[in-house]
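Visitor: There's a structure below that I have some questions on.
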Amino acid sequence: MSPASASAPVPSVGARIRQARLERGLGLRALAREVGVSASLVSQIETGKSQPSVSTLYAITTALGISVESLFSVESLSEGRETAAAVHPAAAVHALAAFAADPARRLGPLVTPGEREVLELDSGVVWERLGHVPGTDVDFLLVTYRPGGSSSGSGGLMRHTGTEYGYLTSGELVLTLGFDEQILRPGDAVCFESATPHRYRNDGDEPAVGVWFVSSQSVQ
């Protein structure tokens, strides 16, 4: 169950990140310092020579005050920035970003495999967007961790606001949640507050595929 070859890749993710950085008046080195990576890596991401890991993507979008969801959108990044600012007013530089929905963006109601929007991330992780209802703060994703894939290339744990729910359909996935490790097998489901430090990795020899719902709203 690898990502559908007919899926529509998201154009110019690196260019969108660069546009947001320039609009904020932030230099490569300044952004790299906020994210905790090298300026060379940021440059490679912006030029499409390298893809960010899941954790790095969260950190970059947080530092720039944009939503991960805006990187899927074919609309202008400026519109995405306005929406993200409304949901996350302080840009939350010192916390990892949550998914924030663009009220004007719809994907569906029917989404065929060829209409999915796809983000290819570093460390063997692929996100396919299965749908989005305008005005909501939930992203609906088919997530694939290829053999050896991990949500963090450095092995570190990530945390961000909101909650997430996952259901594994094939393969095996190791979830590190706080101080505990759980092995997810087909049919297993997880749900937790995303502020809890966590990491996913695939130690197996076949892709681990599942359906994930990620909300930017924290539990009250």
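The values are calculated or read from the model by the stated rules, or taken from the named source; none is laboratory data. The structure displayed is predicted, hence computed values, not measured ones. Glycine also receives a Cβ, built like all others from the backbone with ideal geometry; neighbour counts cover every protein chain displayed.
Visitor: For residue 207, indicate whether it is surrounded by fewer than 14 Cβ atoms within 10 Å (Cβ to Cβ) and within 30 Å of residue 112 (Cβ to Cβ). Break it down stepwise before answering.
Guide: Working: surrounded by fewer than 14 Cβ atoms within 10 Å (Cβ to Cβ): no; within 30 Å of residue 112 (Cβ to Cβ): yes.
The answer is no for residue 207.
Visitor: Anything in region 158-175 that is modelled with pLDDT under 95 and of a type outside the set (Lys, Arg)? List them, or say none. Spell out how you get there, then give the answer.
Guide: Start the filter on region 158-175 by keeping residues that are modelled with pLDDT under 95, which leaves 158-164.
Of everything in region 158-175, those that are modelled with pLDDT under 95 and of a type outside the set (Lys, Arg) turn out to be 158, 160, 161, 162, 163, 164.
Visitor: Shifting gears a bit: State yes or no: is residue 123 closer than 27 Å to residue 36 by Cα, of a type outside the set (Lys, Arg) and in a loop (DSSP other than H, G, I, E, B)?
Guide: Here the answer is no, as residue 123 does not meet what is asked.
Visitor: Would you confirm, using the coordinates I've provided, whether residue 153 is surrounded by fewer than 22 Cβ atoms within 10 Å (Cβ to Cβ), in contact with a helix residue (DSSP H, G or I) (Cβ under 7 Å, 6 or more places away or on another chain), at pLDDT 85 or above and in a loop (DSSP other than H, G, I, E, B)? Give the derivation first.
Guide: Working: surrounded by fewer than 22 Cβ atoms within 10 Å (Cβ to Cβ): yes; in contact with a helix residue (DSSP H, G or I) (Cβ under 7 Å, 6 or more places away or on another chain): yes; at pLDDT 85 or above: no; in a loop (DSSP other than H, G, I, E, B): yes.
Answer is no for this residue.
Visitor: Going by the structure shown, is residue 176 under 23 Å from residue 56 (Cβ atoms) and without any contact (Cβ under 8 Å) to a residue 60 or more places away in the chain?
Guide: So residue 176 fits the description; yes.
Visitor: Residues of region 36-67 being in contact (Cβ under 8 Å) with a residue 24 or more places away in the chain, in a helix (DSSP H, G or I) and of a type in the set (S, T, N, Q), which ones?
Guide: 55, 56, 61, 62
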